[in-house]
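Report on the structure given below.
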Amino acid sequence: SSQPFEEGAVAVGGARIVGVGARAELVSKFDGAAVVDFGEAALLPGLVNCHSHLELTAMRGFLEREEGDFFAWLEKLTRARMLRMTDEDIRASATWGVVEGLRAGVTSYGDASSAGAAPLKALRDAGARGIVFQEAFGPDPNIARTQFEKLRDAVARLSETGGGETGAGGDEDRLVNVGVSPHAPYTVSAPLLELVTDYALAERLPMMIHAAESRAERLLLREGRGPFADGLRARDIEWRAPGVSPVRYLSSLGVLRARPLLAHCIDVDDADIAL
């Protein structure tokens, strides 16, 4: 890091920054280059939103009444996403989210998505950078292999799109890449978590998982009770509480070997943070 440049400038060549420093020095060094003066402004690197759900942008204002009850909030969101939003809605919602972000200075995203093609195309069309983490669901261990194969097929389809335009470095500098996201400990069985982790390591895919989001999640994992536990029982899905925190649970399954991005992590203790 360095001190801010007063009367500084950034020299751009093609898709890359080729110089940063005092304006007078850069004007002299790149003689003949076009100069754009932004006046009283601060030039900053693009901001990074490391956890977004671009396809849900259109739900702004729809979930506020449930924000004090995580389970009710999640249930309402899921129902609306599955039953009320068409593919066209999802595409428009993702595009809206990217455009809003760019206008606010966000140029890179870590986006968790069950409809990976929509945010991938939105990011690509806008020229933004990001990783689209294709989500996997399935709390029933009996269908873990089937759900894993669905994820693998979805990743293959996204990868076939090319992941967007490449940067100046070619394929190694692709602007939009694909990752995987076993959604959360309360929606993904232990066998499925292990399958996705092994897959991410073997294919060198980035991985993201929601973890330690709520009291309901803690109750499920530590004590086997609460709304998530009730939901699993209602679906005749067997669940044996491991008796540990979400972070320790993921560690015990080897998930942390993939160095996943853990989203939220608001219900953790000092030992979880150290781990």
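The values are calculated or read from the model by the stated rules, or taken from the named source; none is laboratory data. Owing to the predicted nature of the structure, the values given are computational and were not obtained by experimental measurement. Don't worry about glycine lacking a Cβ; one is built from the backbone with ideal geometry, like all the others, and counts go over all protein chains shown. Just so you know, the surface numbers come from the protein's heavy atoms only, side chains and all, with ligands and any DNA or RNA stripped out. Shrake-Rupley method; radii C 1.70, N 1.55, O 1.52, S 1.80 Å.
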Leading residue by the ranking (modelled with the lowest pLDDT) among those in the stretch 131-190 that are polar (S, T, N, Q) and outside any strand (DSSP E or B)
Thr161
Taking the residues in the stretch 78-121 that are open to solvent by 30 Å² or more (accessible area, probe 1.4 Å) and part of a loop (DSSP other than H, G, I, E, B) as candidates, determine which candidate is modelled with the highest pLDDT.
Ala104
Filter result (assigned to a helix (DSSP H, G or I), of a type outside the set (Ser, Thr, Tyr) and in contact with a helix residue (DSSP H, G or I) (Cβ under 8 Å, 6 or more places away or on another chain)) within the stretch 233-257:
Pro246, Val247, Arg248, Leu250, Val255, Leu256, Arg257
Val196 meets each of (1) part of a helix (DSSP H, G or I); (2) touching a residue at least 60 places away in the same chain (Cβ under 8 Å); (3) of a type in the set (A, V, I, L, M, F, W, C); (4) open to solvent by 10 Å² or more (accessible area, probe 1.4 Å) with one exception, condition (4)
Here are some residues: Ala216, Ala241, Ala211. Which one is among the aliphatic types (A, V, I, L, M) and either surrounded by fewer than 17 Cβ atoms within 10 Å (Cβ to Cβ) or free of Cβ contacts under 8 Å to residues at least 12 places away in the same chain (or both)?
Ala241
Can you work out which of the residues in the stretch 49-77 that are among the hydrophobic types (A, V, I, L, M, F, W, C) and open to solvent by 40 Å² or more (accessible area, probe 1.4 Å) is modelled with the highest pLDDT?
Cys50
Does at least one position in the stretch 9-16 carry a residue that is exposed (fewer than 10 other Cβ atoms within 10 Å of the Cβ) and out of contact with any Asp or Glu (no Cβ under 6 Å at 6 or more places or on another chain)?
yes
